[in-house]
Amino acid sequence: MKIHIRNGRLIDPKNGIDAQRDVFIAAGKVAAVGAMPEGFHANRVIDASGLVICPGLVDLSARLREPGYEYKATLESEMLAAVAGGVTSLVCPPDTDPPLDEPGLVEMLKYRAKSLNQARVYPLGALTQKLAGERLTEMAELHDAGCIGFSHADMPLSDTLVLMRAMQYAATFGFTVWLRPQDAYLARDGVAHDGEVASRLGLPAIPSCAESIALSAILALVRETGAHVHICRLSSREGIALIRAAKAEGLPVTCDIAVHHAHLSEMDIGFFDSNCHLVPPLRSQRDRDALREALADGTVDAICSDHTPVDDDAKLLPFAEAEVGATGLELLLPLTLKWAQETGVPLSAAIAKVTAEPARILALNNGHLGVGQPADLCLFDPEQYWKVEPASLNSQGRNTPFTGFELQGKVRMTLVEGHVVYELPDEG
Amino acid sequence: MRNNPQLNKNGELQHLLTIDGLPASTLRHILDTAESFLGVAEREVKKVPLLRGKAIFNLFFEPSTRTRTTFEIAAKRLSADVINLNVGTSSQSKGETLLDTVDNLAAMQADMFVVRHSQSGAAHLIARHVAPHIHVVNAGDGRHAHPTQALLDMFTIRHYKKDLTRLRVAIVGDMLHSRVARSQIHALTTLGVPEVRVIAPKTLIPSCAERMGVQIYHDMAKGLKDVDVIIMLRLQSERMRGALLPSSQEYFKYYGLTSEKLALARPDAIVMHPGPMNRGVEIESSVADGVQSVILSQVTFGIAVRMAVMSILMGNEAGETA
C-alpha cells in the first residue's frame, strides 16, 4: 500500500520542519518527504489541504483498564479512543488488576493490543510485586516481555530503602524508573489541594509539600544510585522548582504533566464536581501558571493525557468517594493546542511536547517522520471547533472536567505503520 | 464560579445546601419568617397547616438524634408527613449507592429530603440528581456545611444582640473538621458582622481559613478579648487519638471555656454551642449552665428556623395565619 498525502502543512518538530510538504508512504514507512520519489505510484492519495500532518502522538500515560477493569473500559474501546485522538504510541501504567508484575501478563497485554492493529502499546512494569512496595519484581524478565520502564503507578511506596534498592536494581540494567512523587503520609485520606477550595468545601486536603518532600527524596536517591528517573504528573510550583534545579545540576531526570493540569485549578471543583477529583489534585492557579510556564521553558519535557476512564456510577458519588481520574486520549491534542494558543507557544513546539519529547523520554526512535521511519502519523484540522460531549468521545470513559467545552483541533485521520487506522466520518 | 445550584431560574431558594453564596436578603428572609413561627410553639395546638399532604423524608446516613428530631418536629408543626430513615444501618450496608437510595425514596412521592451524610458534597450530589419538584435540605455533609444550624445561630445572635453589624464574634475550637463553623462563618460575614475570630491550635484550622474572612487567634485570652458572642465548637473524641492534639486535658487548659476566660469577653457576651457538648473538654459546666449561656435557646429557635426553611423551599410561607 502506497500513500501520497498532499497539500498538508507538515509539522515534524524533531526534524525542524514546519512547511507545506507532501508525505509519501510505502511498505509502512515514510518513503519520502517533499518531492515524489521516482516511480512512486500511490494506491491512495489523501488530500490534506488545510490540515496539519504531524507524527502520531506519543502518550506517556493511558490506562486501558485491562486486565481487571473491563467494566470501565476495554482494550477495544480505548485503542479506538487513542487513534481517534491521534495517539499512535501509548504507555500504560502497571496498576491493572492484577498489576503488571509478571511477564505473562505483559505478554498477554502486548498480544491483545497488537491483534487490534491500532496504536502501539508500551507497558510499564510494576516496580514491586503486586505494587505492594515490599519486594522487587523480575525487572529484566519483564523488560524482555516488553516493559519499557518500571513504575509504582499511584500506589504508595513509603519504604525509602525499598525505593533505593529498586532504583539501584533498575540502574543495573539501565531501565528507567517512573515515579509520581507523593508522600503517602501527607496525602493520606486527602482528595483535594490544601488550599482555598478545600478549606471552604471541607474536603480532606493534600498539601503541596506532599509532592515536594517525595520529590526531594527521589532526587536524593537519583544522586545516590545514578538511576534514570522519569517524574510523572507534577502538580506544584515547588515541584517545578526542584526539577529545574535538578536539571541544572545535570541529574538524569525527565518529567511530564497531565494535560488537564495545564488548564484547570482547584477552583474548577466548583460545587464538588467529581470529574475534578484527580490524582494528583488540581492545585492553585499559581501552581497551574507555574506548570504552563515550565512547559514552555522546557523544565517539563512532555504532556500526557493521564487517560483514566471511569464508569459513570463510580463518579456519581460524593466527591471524596468518587473514583479518581479523567478520560483524556481524545483531548490530549486539542488541550495541548489550547495551551499553546493561550501562551503564544508556536504550534511546532507544542506538538513536540506530545511527539518528539515523549519519544525521547522513552528512548524510542519514533515521534518523528524522517525518511525510513514507521509511518505513524496524524492529520488534524487545527481550525475545527468541536464540543466535548459524552457522545463525541470514543472512550468508554465519559468522565472529563471539560464536558461542554468547545475545543479547537480535530483529528481527521490517523495512520500506524502506513495503515489508516482511523478516519473521521464525514459530516453529512 | 458556576451557577449556584441552590437557586432556581428566578433566583429563589430551591434547595438549602450551604450558606456560601447566598445573599444577605435571603438569610434575613429566613430569619424573619422564623420569627413569625416562634409563636406556634406557644399555642395549644402547636400546628399550622402549611405543608399538609407533603411528604418529607429525613434521610440520615449518619447517626443524629438532635438534628433529626428538630427537623421532625418542625415538619410536623407544619402538618407535613414525616418519614425518618436511618440509612446508615440499612440499604447502604447492603451495597446500594447513595443515589439508588434517593431514587427509591423519590419514587415514593417525596417532596423534600432532609439529608445528613458523612461526606462533604453529598447534599449537592443529591440536589443535582433529583427531579425539579423535590427540595433538598442539607442537615450536615461531612466537614462542609450545616446551613440550618448556622441560621439558627444567627437567629439566636440577632435575638440577643439585635444589630449584627457592630459585633465581635469568636468561634472557638475545631474549625478544620467543622461543618458548623464553615456555615457560621459564611452566615456571619454575609450578614455584616465586622469581626469574626477563630480561636484554635494550628492543627485544627484549615490552611486558607483567612480567605473566608476570619481572623485567626491561637491565644484564647487575646481572642476572647471584648467579644460579644462566643461560639464553642464540639471537639470529637477521635481527634484526641491522632496527631492533632495531645490530650483532652491540655486542650481544655488552653482552649476550654472557663468562667475566668469568659470574663475577658464583654460582660454581656453570650455563650453558644451547637451541641452535643463535651463538658470539661471544650466548656466548663458552670459556663454551659451559667447566665450568659444561650445554648438551650438555640435548640428552641432551631425548630422555628427549620420550619421557616421548609416552608420557604416549598413556596408556602407563613402569612397572617401563623
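The values are calculated or read from the model by the stated rules, or taken from the named source; none is laboratory data. What you see is a predicted model; the values in this text were computed from it and never measured. Positions of Cβ are backbone-derived with ideal geometry, glycine not excepted, and every protein chain shown enters the neighbour counts.
Does B:Phe37 satisfy the criteria of being at pLDDT 90 or above, of a type outside the set (Val, Ile, Thr) and within 14 Å of B:Thr300 (Cα to Cα)?
Judged against the criteria, B:Phe37 is a match.
Condition (residue is closer than 17 Å to B:Ser311 by Cα, hydroxyl-bearing (Ser, Thr, Tyr) and crowded, with 18+ Cβ neighbours inside 10 Å) applied to region B:53-69: is it met by at least one residue?
Checked against the condition, which is being closer than 17 Å to B:Ser311 by Cα, hydroxyl-bearing (Ser, Thr, Tyr) and crowded, with 18+ Cβ neighbours inside 10 Å, region B:53-69 yields no hits at all.
Would you check if B:Arg77 is at pLDDT 95 or above, in contact with a Ser or Thr (Cβ under 9 Å, 6 or more places away or on another chain) and basic (Lys, Arg)?
The answer is no for B:Arg77.
Filter region B:215-238 down to the residues that are surrounded by fewer than 17 Cβ atoms within 10 Å (Cβ to Cβ) and either in contact with a Phe, Trp or Tyr (Cβ under 9 Å, 6 or more places away or on another chain) or over 20 Å from B:Val294 (Cβ atoms) (or both) and list them by number.
Across region B:215-238, the qualifying residues are B:Gln215, B:Ile216, B:His218, B:Asp219, B:Ala221, B:Lys222, B:Lys225, B:Gln236, B:Ser237, B:Glu238.
Output the residues belonging to region B:215-232 that are more than 13 Å from chain A (Cβ to nearest Cβ) and among the aliphatic types (A, V, I, L, M).
Correct list: B:Met220, B:Ala221, B:Leu224, B:Val227, B:Val229, B:Ile230, B:Ile231, B:Met232.
In region A:207-227, is there at least one residue being at positive phi and in contact (Cβ under 8 Å) with a residue 60 or more places away in the chain?
Taking every residue of region A:207-227 in turn, none turns out to be at positive phi and in contact (Cβ under 8 Å) with a residue 60 or more places away in the chain.
Might you check whether a residue that is more than 14 Å from A:Phe271 (Cβ to Cβ), at the interface with another protein chain (Cβ under 9 Å from one of its Cβ atoms) and not hydrophobic (A, V, I, L, M, F, W, C) occurs anywhere in region B:111-119?
There is at least one residue in region B:111-119 that is more than 14 Å from A:Phe271 (Cβ to Cβ), at the interface with another protein chain (Cβ under 9 Å from one of its Cβ atoms) and not hydrophobic (A, V, I, L, M, F, W, C).
For region B:88-119, which residues satisfy the criterion of being β-branched (Val, Ile, Thr), at pLDDT below 95 and crowded, with 22+ Cβ neighbours inside 10 Å?
Correct list: B:Val102 only.
Of all residues in region A:248-267, which are crowded, with 18+ Cβ neighbours inside 10 Å and assigned to a helix (DSSP H, G or I)?
Across region A:248-267, the qualifying residues are A:Val259, A:His260, A:His261, A:Ala262, A:Glu266.
What number goes with the only condition from (1) of a type in the set (Val, Ile, Thr); (2) under 16 Å from B:Ala308 (Cβ atoms); (3) touching a strand residue (DSSP E or B) at 6+ places or on another chain (Cβ under 7 Å) that B:Val82 does not pass?
All conditions pass for B:Val82, except number (2).
Looking at region B:120-161, which of its residues are among the basic types (Lys, Arg) and either away from every other protein chain (no Cβ under 14 Å) or crowded, with 24+ Cβ neighbours inside 10 Å (or both)?
Scanning region B:120-161 gives B:Arg143, B:Arg158, B:Lys161.
Suppose the filter is farther than 17 Å from A:Pro382 by Cβ and either assigned to a helix (DSSP H, G or I) or within 14 Å of chain B (Cβ to nearest Cβ) (or both); does A:Leu337 pass it?
When the stated conditions are applied, A:Leu337 does not pass them.
Check A:Asp287 against each of (1) part of a helix (DSSP H, G or I); (2) more than 16 Å from A:Ile269 (Cβ to Cβ) and name the one condition it does not meet.
Status for A:Asp287: all satisfied but (2).
Tally up the residues in region A:176-233 that are within 14 Å of another protein chain (Cβ to nearest Cβ), surrounded by fewer than 23 Cβ atoms within 10 Å (Cβ to Cβ), among the charged types (D, E, K, R) and farther than 19 Å from A:Leu131 by Cβ, please.
3
Between a first residue in region A:1-25 that is within 12 Å of A:Leu347 (Cα to Cα) and a second residue that is β-branched (Val, Ile, Thr), which pairs have beta carbons less than 6 Å apart while being 6 or more apart in sequence or on different chains?
So the pair list comes out as A:Arg9/A:Val52; A:Leu10/A:Ile17; A:Leu10/A:Ile53; A:Ile11/A:Val52; A:Ile11/A:Ile351; A:Pro13/A:Ile351; A:Asp18/A:Ile11.
Name the residue that is farthest from the other protein chains (Cβ to nearest Cβ), counting only residues in region B:167-178 that are surrounded by 24 or more Cβ atoms within 10 Å (Cβ to Cβ) and not hydrophobic (A, V, I, L, M, F, W, C).
B:Gly173
Considering (1) within 23 Å of A:Met267 (Cβ to Cβ); (2) away from chain A (no Cβ under 14 Å); (3) not charged (D, E, K, R), say which one B:Ala41 fails and leave the rest.
(1)
Can you give me the number of residues within region B:246-269 that are aliphatic (A, V, I, L, M) and buried (at least 18 other Cβ atoms within 10 Å of the Cβ)?
Residues flagged as aliphatic (A, V, I, L, M) and buried (at least 18 other Cβ atoms within 10 Å of the Cβ) within region B:246-269 amount to 4.
Suppose we filter region B:188-214 for residues that are away from chain A (no Cβ under 14 Å) and either surrounded by 18 or more Cβ atoms within 10 Å (Cβ to Cβ) or free of Cβ contacts under 8 Å to residues at least 60 places away in the same chain (or both); how many remain?
The total comes to 9.
Could you tell me which numbered condition B:Leu85 fails, if it satisfies all but one of (1) out of contact with any Phe, Trp or Tyr (no Cβ under 6 Å at 6 or more places or on another chain); (2) modelled with pLDDT of 90 or more; (3) more than 14 Å from chain A (Cβ to nearest Cβ)?
(2)
Taking B:Glu96 as meeting all but one of (1) more than 12 Å from every other protein chain (Cβ to nearest Cβ); (2) free of Cβ contacts under 8 Å to residues at least 24 places away in the same chain; (3) out of contact with any Asp or Glu (no Cβ under 9 Å at 6 or more places or on another chain), write down the number of the exception.
B:Glu96 satisfies all of (1) more than 12 Å from every other protein chain (Cβ to nearest Cβ); (2) free of Cβ contacts under 8 Å to residues at least 24 places away in the same chain; (3) out of contact with any Asp or Glu (no Cβ under 9 Å at 6 or more places or on another chain) except (1).
For residues that are in contact with a Lys or Arg (Cβ under 7 Å, 6 or more places away or on another chain), buried (at least 17 other Cβ atoms within 10 Å of the Cβ) and either free of Cβ contacts under 8 Å to residues at least 40 places away in the same chain or within 14 Å of B:Asn316 (Cβ to Cβ) (or both), tally how many sit in region B:70-85.
4
Taking region A:296-321 only, how many residues are without any contact (Cβ under 8 Å) to a residue 24 or more places away in the chain, within 10 Å of another protein chain (Cβ to nearest Cβ) and part of a loop (DSSP other than H, G, I, E, B)?
1
Of all the residues that make up region A:304-338, how many are farther than 13 Å from A:Pro401 by Cβ, out of contact with any His (no Cβ under 7 Å at 6 or more places or on another chain), crowded, with 18+ Cβ neighbours inside 10 Å and hydrophobic (A, V, I, L, M, F, W, C)?
Here the count works out to 7.
So B:Gly21 fits all but one of (1) at positive phi; (2) more than 14 Å from chain A (Cβ to nearest Cβ); what number is the exception?
(2)
Based on this model, can you work out whether B:Val281 counts as closer than 29 Å to B:Thr70 by Cβ, in contact with a Leu (Cβ under 8 Å, 6 or more places away or on another chain) and either buried (at least 17 other Cβ atoms within 10 Å of the Cβ) or of a type in the set (Lys, Arg) (or both)?
So B:Val281 fits the description; yes.
Do the conditions hold for A:Ile11, that is, is it in contact with a helix residue (DSSP H, G or I) (Cβ under 6 Å, 6 or more places away or on another chain) and either closer than 30 Å to A:His143 by Cα or crowded, with 22+ Cβ neighbours inside 10 Å (or both)?
So A:Ile11 passes the test.
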